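The values are calculated or read from the model by the stated rules, or taken from the named source; none is laboratory data. Bear in mind that the values here come from a model prediction, so they are computed numbers and not experimental data. Here Cβ is always computed from backbone atoms with ideal geometry, including for glycine, and neighbour counts include all displayed protein chains. Just the protein is used for accessible areas: all its heavy atoms, side chains included, with ligands, DNA and RNA removed. Shrake-Rupley method; radii C 1.70, N 1.55, O 1.52, S 1.80 Å.
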Amino acid sequence: MGTVHRVVFGNCRTMKEIHDESIQLMVTSPPYYNAPFDYPNLFKNYGEFLRLIDHLARDLYRVLAPGRVACFVTDDMLVKGEKYPVVADITRLMLDAGFRYRDRIVWVKPKGYVRISRRSGVVIQHPYPMYYYPDNIQESILIFQKGRFDYSHLQELDPKSLSESKISIDDYHNQEWYLTVWNITNVLPLRERLEKGIAAFPEEIPKRLIKLFSFHGETVLDPFLGSGTTMRVAQELGRNSWGYEIDRGLKKIIAQKLEYKHGLDSRVEFLFRRAPKESRASAPRRQRPSLSHRDAVTPRLRCLQLFQ
């Protein structure tokens with residue numbers, strides 16, 4: 001059975017295109033609040049960033065199936081000398097939305113990725129107490145759950161889906177998935193990299209999370225899709241997916257990532273909400289296009305227009 005992947009170019013504050021309780025796993029990395037190198041001045045202030053996460057968390061509770069998991073790859077952010085407690089605040093907002101706090105994994109990047117910077121090098125210039133500010137080589141993978149999972153669900157799966165969902169014990173041991181610390185090389189800023197200029201996370205992170213928290217044939221969501229890394233991995237692992245992205249300029253890169261390869265039977269759809277400058281009152285009302293399997297076309301990439 002083929003997989004279906006739908007990219008909505010629109011804000012994830014409300015994910016009205018997705019039916020209630022139809023998502024089995026969320027994996028995402030929200031924009032790091034006004035990070036100097038990736039998202040400078042993206043938000044007017046920290047409160048605006050938190051309101052975005054709050055709206056997402058509440059609609060995420062609606063679309064996520066009971067017992068299923070939501071994962072955020074994020075970390076506290078240093079902006080203009082001020083440290084913002086992103087991890088604590090996302091945790092609080094997810095708990096307020098009704099989720100359980102299940103786990104936190106620390107993603108550690110190679111030590112050579114960051115050399116002594118102006119921040120940590122202050123101690124070298126002033127080797128005295130109170131001058132210490134460390135350089136960061138880790139991020140957090142926050143794992144939340146909507147209630148508790150009913151393990152009798154495994155009895156309802158067909159044998160093929162259950163077999164293809166089996167976790168490799170060799171990977172589990174050899175790559176130390178069982179620890180709360182994962183040592184994974186980050187996406188390096190190489191010139192030939194497809195995501196040049198985009199803050200992408202390594203495919204190994206969604207690969208592990210999708211294998212550990214979803215079954216073959218289920219649906220994965222990434223509300224901050226970016227260049228489409230989560231969707232690409234979901235496609236390769238036989239999962240369906242939804243993704244939200246506000247930058248329409250990333251369509252070409254996402255399409256390249258999701259090209260039909262390696263004998264994968266998958267369909268990709270691009271859906272566009274009405275541009276914000278058009279008001280509800282002046283917009284003609286049209287019925288939302290059907291997203292059923294019978295709408296498949298060739299080639300496998302199709303574009304739909306959605307109206308708010």
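Straight-distance candidates among the aspartates and glutamates for linking to LYS207, with alpha-carbon spacing under 16 Å and chain neighbours fewer than 8 residues away dropped: GLU164, ASP170, ASP171, GLU176, GLU218, ASP222, GLU236. Rolling a 1.4 Å probe over the protein heavy atoms of segment 124-193, with every protein chain left in place, gives an accessible area that is 55 percent carbon and sulfur.
At the listed q of 0.13, 0.14, 0.15, 0.18 Å⁻¹, the Debye profile of segment 1-109, built from one uniform point per Cα, gives log10 I(q)/I(0) equal to -0.54, -0.63, -0.72, -1.00.
Summarised as an ellipsoid, segment 132-172 has semi-axes of 36, 17, 7 Å, derived from the eigenvalues of the Cα gyration tensor scaled by 5 and square-rooted, with the largest first. For segment 62-164, the solvent-accessible area works out to 61 Å² per residue, with a probe of 1.4 Å and every protein chain left in place.
Only lysine pairs 8 or more places apart or on separate chains count here, and in segment 25-166 those with Cα atoms under 29 Å apart total 9.
Within segment 1-82, the chymotrypsin sites (Phe, Trp or Tyr not before Pro) that combine a DSSP coil assignment with at most 13 other C-beta atoms in a 10 angstrom radius are PHE37. Computed over protein heavy atoms with a 1.4 Å probe, the carbon and sulfur contribution to the accessible area of segment 27-101 reaches 54%.
Reducing segment 1-33 and segment 76-142 to their Cα centroids gives an inter-centroid distance of 27 Å.
Figure the gain on full extension for LYS16 and THR185 (residue separation times 0.36 nm, minus the Cα-Cα span) and round it to one decimal in nm.
Once the chain is fully extended between LYS16 and THR185, it gains 57.3 nm.
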